[in-house]
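What follows is a set of notes on a single structure, which appears directly below.
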Amino acid sequence: MKYDVIIIGSGLGGLACAHILSKAGKSVLVLEKEAQPGGCLQSYKRNGFTFDTGFHYVGGLEEGQSLYAAFKMLGLENLPWEKMDEAFDRIQIGNQNFSFLQGYENFMENLQERFPAEKEALAQYIHLLKQTKREQLSLLKSDQASSSFALFETGAWHYLVKTFHNPLLVDVLSATSLKLELRKDSLPLFTFLHGNASFIESSWRLKGPGSLIVDSLIRDIRKQGGDIICRAAVEELVEKDGKVVCARCSDGQVYEAECFISDVHPAVTCSWIKQSKVMRGIYLKRIGALDNTFGMLTVSLVIKPLQIKYFNWNQYIYKQSDVWTFYQDNPSVDRLLITARLPEDGGEYLRQIDLLTPMSWDKCSRWAQTSVGHRGEEYTEMKRRLAAECIRLAEHFIPELGKMVEQFYVSTPLTYRDYTGTPEGSAYGIRKDYHNPMMTVLSPRTPLHNLLLTGQNLVLHGIHGVTMTAMYTCAEILGKEYMYNQLK
């Protein structure tokens, strides 16, 4: 069978594209190299507990907010979402505590009370946050000029220190951005704003694993006539007469389509094209030279029964100020995100907590040639040491946490690389650089007119970003006006 569209990779970007295109009447096939679909949304089980790979909370889900229309289009708005506390993100920097409140006005007024001298600057910041919502749709209007590119050409750090005179407020506004790569010399302002804006609109946890999102999308894709094949590792995209004609997998199977979408890292995608007459060396060299963002260390804790009451917010902890200084230069973990899993039994006590901290590839690259379960004792010892450091830092928020832990599991960038196929275990895809956005902010199009890209390595990352990027990718097939009308 020849499909209209073959999508390679079943992360959120690939599944969202498959859902949109199959709903629009296209015949769609998704090829996934792993045994389980979902990418960073897949869940795994250990000793009766279900853990998420990379999903913790999402923003902007109320009607009229920035993610609502897209999630409604994908049939995800009716999953068991639970709204978080008004103070949804709480921050400890040294010995000082701060909160982010849901709702732009609440958020602004709360911080204006703490930093009255920055009242006007905070109002300007809120204006820019709101602008990113408008800009995400303007990218789908060919007749509407977008000012988002100017924000991609502006450095987030430079904007913050120029706009706000109090260094502590710069730290506070940046402190919840462990969901971004805070690099002073590269992070674009648009990426920073978009990565924070929807959570300030409203923040939500899912009552259940992130795989509920995956299951819902797959169920709809199949109802709409789409096919999904796991354990189908693409090895080659065969080019003929200037276009891709088929995907060849490691098991020898060949799948044909009119159009191909890759939800896999662009450098990996390019490696599948052999001796291309269209995808020339300069493009391949450009893609191969792009840097990846750092990865994450995740310590997943199982807590003994009746020890810790569920807390309906995220807790961020920094040992000291200057949150833009990444801990890779320090001897120990100095920043942490603590997030609780909703008790699925409806009780008041939690059983699972995740601790997350940035981790550079350099810290685990010595084991790059190893595979899961075969990395050796030194790697295991490194994980134990880092887990202990994370737990000690978390005890600033939950005293004696270590005594309450029943069991724990640790994942590193190596784990993410091996289970999701992300080079260097990158948490946020290719590093965007405000010095050179034309080179680092990739479009869905490639030199091969029927090969498109999607996923976190393009314009935006995260649940919100990848969802919107899927819309941009599908607009290349269905038309920008069609996609805009679905979302407006």
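The values are calculated or read from the model by the stated rules, or taken from the named source; none is laboratory data. All figures in this text were calculated on a predicted structure; none of them were measured in a lab. A quick note on method: Cβ atoms are made from the backbone with ideal geometry, for glycine too, and the neighbour counts reach across all protein chains shown.
Key figures
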quantity: The listed residue being at pLDDT 95 or above, over 23 Å from Thr191 (Cβ atoms) and in contact with a Ser or Thr (Cβ under 7 Å, 6 or more places away or on another chain), out of Asn110, Asn97, Asn106; calculated: Asn110
quantity: Single match in Leu180, Leu160 (criterion: in contact with a His (Cβ under 9 Å, 6 or more places away or on another chain) and either of a type outside the set (Asp, Glu) or within 20 Å of Tyr104 (Cα to Cα) (or both)); calculated: Leu180
quantity: Residues that are surrounded by 18 or more Cβ atoms within 10 Å (Cβ to Cβ) and assigned to a helix (DSSP H, G or I), drawn from the range 424-452; calculated: Glu424, Gly425, Pro437, Thr440
quantity: So Asp185, is it assigned to a loop (DSSP other than H, G, I, E, B), over 22 Å from Gln315 (Cα atoms) and among the acidic types (Asp, Glu); calculated: yes
quantity: So Ile463, is it among the aliphatic types (A, V, I, L, M), within 23 Å of the chain's Cα centre (by Cα) and closer than 14 Å to Ile287 by Cβ; calculated: no
quantity: Residues (surrounded by fewer than 22 Cβ atoms within 10 Å (Cβ to Cβ) and among the hydrophobic types (A, V, I, L, M, F, W, C)) located in the range 205-236; calculated: Leu206, Leu212, Ile218, Ile228, Ile229, Cys230, Ala232, Ala233
quantity: Leu187 being surrounded by fewer than 21 Cβ atoms within 10 Å (Cβ to Cβ) and either touching a helix residue (DSSP H, G or I) at 6+ places or on another chain (Cβ under 8 Å) or under 30 Å from Leu111 (Cα atoms) (or both); calculated: no
quantity: Residue count, the range 355-383 (criterion: over 25 Å from Thr325 (Cα atoms), in contact (Cβ under 8 Å) with a residue 24 or more places away in the chain and of a type in the set (S, T, N, Q)); calculated: 2
quantity: Residue ID - modelled with the highest pLDDT, chosen from residues in the range 389-448 that are within 26 Å of Ile308 (Cα to Cα) and among the small types (Gly, Ala, Ser); calculated: Ala394
quantity: All strands (runs of 3 or more DSSP E) inside the range 215-283 with 2 or more residues being among the charged types (D, E, K, R) and either without any contact (Cβ under 8 Å) to a residue 24 or more places away in the chain or closer than 13 Å to Leu29 by Cβ (or both); calculated: 254-262
quantity: Qualifying position, being within 30 Å of Glu344 (Cα to Cα) and in contact (Cβ under 8 Å) with a residue 24 or more places away in the chain, among Leu212, Leu182, Leu140; calculated: Leu212
quantity: Count of the range 453-488 residues which are on the phi < 0 side of the Ramachandran plot and not in a helix (DSSP H, G or I); calculated: 9
quantity: Residues satisfying the stated conditions in the range 364-383, i.e. over 29 Å from Gly208 (Cα atoms), crowded, with 18+ Cβ neighbours inside 10 Å and within 26 Å of the chain's Cα centre (by Cα); calculated: Cys364, Met382
quantity: Only listed residue being part of a helix (DSSP H, G or I), crowded, with 18+ Cβ neighbours inside 10 Å and in contact (Cβ under 8 Å) with a residue 60 or more places away in the chain, chosen from Leu414, Leu386; calculated: Leu386
quantity: Which listed residue is on the phi < 0 side of the Ramachandran plot and more than 23 Å from the chain's Cα centre (by Cα), from Leu128, Leu122; calculated: Leu122
quantity: Output for the range 45-80, where each listed residue is not β-branched (Val, Ile, Thr) and not in a loop (DSSP other than H, G, I, E, B); calculated: Lys45, Arg46, Phe49, Phe51, Asp52, Gly59, Tyr68, Ala69, Ala70, Phe71, Lys72, Met73
quantity: Residues located in the range 340-351, provided they are under 21 Å from the mean Cα position of the chain (by Cα) and either surrounded by fewer than 21 Cβ atoms within 10 Å (Cβ to Cβ) or over 19 Å from Tyr409 (Cβ atoms) (or both); calculated: Leu342
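One line per residue, one yes/no per condition, for (1) closer than 24 Å to Arg431 by Cα; (2) hydrophobic (A, V, I, L, M, F, W, C); (3) outside any loop (DSSP other than H, G, I, E, B); (4) at pLDDT below 85:
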residue: Leu301; (1), (2), (3), (4): no, yes, yes, no
residue: Pro305; (1), (2), (3), (4): no, no, no, no
residue: Gln315; (1), (2), (3), (4): no, no, yes, no
residue: Gln320; (1), (2), (3), (4): no, no, no, no
residue: Leu336; (1), (2), (3), (4): yes, yes, yes, no
residue: Asp345; (1), (2), (3), (4): no, no, no, yes
residue: Leu356; (1), (2), (3), (4): yes, yes, yes, no
residue: Arg366; (1), (2), (3), (4): yes, no, yes, no
